[in-house]
Amino acid sequence: MKILFPTDFSAAAHNAFIYALQVADKWNASIVLLHVYQLPAVAGTGLAPELENFYKSIDEFQFKNYQDEIPVLKQLAIDNGFDYIEIKHVLMEGPTVGTILDVAKRDEIDMIVMGTTGAGGLKGIVLGSVAGEVLEYASCPVLVVPEKAVFDGNIDQVAFTTNFTEEEARALEETIAFSEPFAAKVHCINIDTAHIAKYSHQGEKWLEKFDALHGLSMEIMDRSDIMQGITEYLDLHKIDILSMVSHERNFFQELFNYSKAKTLSYHTKVPILVFPAKTLL
């Protein structure tokens with residue numbers, strides 16, 4: 001298994017690195033550590049010698065900066081007992097999102113783990129950010145780690161949001177497979193905004209195929225607001241990772257399309273594991 005870890009060497013990225021190491025440890029995976037940088041755009045086809053020297057100096061600076069940061073990450077691995085994990089270091093120039101996706105495809109990456117400041121809570125994580133674009137176009141699962149996520153030494157509670165679709169059944173299987181090496185309990189949650197799920201027994205019917213699995217639970221929450229219900233559940237059950245299926249960006253726009261009149265702000269310290277729908281076909 002290969003994990004791609006894009007980093008800008010920020011505090012948020014360093015925080016996410018702890019999670020990348022944990023997943024690599026449990027899954028016996030290697031990590032491809034990627035830093036992407038951009039050169040300033042210059043109009044015209046030719047470069048004067050002065051500009052060539054300028055570009056060269058930028059490249060040298062990026063390389064030196066990269067060299068200086070690698071020992072910091074190595075020390076993080078040592079401090080957390082993961083110095084044995086294989087890490088490949090990659091420094092590339094190019095557009096951030098496109099380069100991340102290209103490397104993921106080129107190196108046949110199984111999962112992307114990345115940090116985000118997520119200033120707007122869950123909404124900030126998945127909309128209008130590099131992480132949001134990666135989530136939209138990735139061809140493998142993506143684990144997004146908010147800057148304020150605090151790893152407590154265990155990943156033992158994983159929540160999976162569902163509306164009882166077939167593709168979500170496949171994503172639940174993937175979530176269970178991800179959780180098993182951690183011996184984590186998997187919680188299935190449905191936020192019933194239509195106020196009918198409890199009466200139609202959709203959850204029970206949907207979970208029948210998973211009857212042989214121990215420790216799997218289902219809770220249907222009757223709420224008018226999806227994010228309010230999810231946030232309540234995360235807090236109440238001390239969830240370590242929230243797992244979900246995504247389609248295109250319109251999925252996230254719908255998920256976070258709440259009235260401007262509402263003053264409730266959705267913040268999370270919980271990493272989100274996203275399975276793009278196109279990978280579940």
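A compact table of results
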item: Any hit, the stretch 155-176, residues being within 14 Å of the chain's Cα centre (by Cα), polar (S, T, N, Q) and farther than 17 Å from residue 97 by Cβ; result: yes
item: Residue in the stretch 168-187 that is modelled with pLDDT under 75, part of a loop (DSSP other than H, G, I, E, B) and over 30 Å from residue 8 (Cα atoms) present; result: no
item: Test: residue 258 is among the aromatic types (Phe, Trp, Tyr), modelled with pLDDT under 75 and either surrounded by 15 or more Cβ atoms within 10 Å (Cβ to Cβ) or over 22 Å from residue 130 (Cα atoms) (or both); result: yes
item: Answer residue from the stretch 160-198, given it is of a type in the set (Phe, Trp, Tyr) and crowded, with 21+ Cβ neighbours inside 10 Å and is farthest from residue 222 (Cα to Cα) among those; result: 178
item: Residue in the stretch 209-227 that is of a type in the set (Asp, Glu) and modelled with pLDDT under 65 present; result: yes
item: Odd one out for residue 39, checked against (1) part of a helix (DSSP H, G or I); (2) at pLDDT 65 or above; (3) more than 23 Å from the chain's Cα centre (by Cα); result: (1)
item: The stretch 156-167, residues that are within 15 Å of residue 239 (Cβ to Cβ), part of a loop (DSSP other than H, G, I, E, B) and either of a type in the set (Phe, Trp, Tyr) or modelled with pLDDT of 90 or more (or both); result: 156
item: Residues of the stretch 81-109 classified as out of contact with any strand residue (DSSP E or B) (no Cβ under 7 Å at 6 or more places or on another chain) and crowded, with 16+ Cβ neighbours inside 10 Å, total; result: 3
item: Only one of 141, 146 that is surrounded by 16 or more Cβ atoms within 10 Å (Cβ to Cβ), over 19 Å from residue 226 (Cα atoms), in contact with a Lys or Arg (Cβ under 8 Å, 6 or more places away or on another chain) and not β-branched (Val, Ile, Thr); result: 146
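The values are calculated or read from the model by the stated rules, or taken from the named source; none is laboratory data. It should be emphasised that the depicted structure is a prediction, and the values quoted were computed from it without experimental measurement. Because the Cβ atoms are built from the backbone with ideal geometry, glycine has one as well, and the counts that use them run over all protein chains shown.
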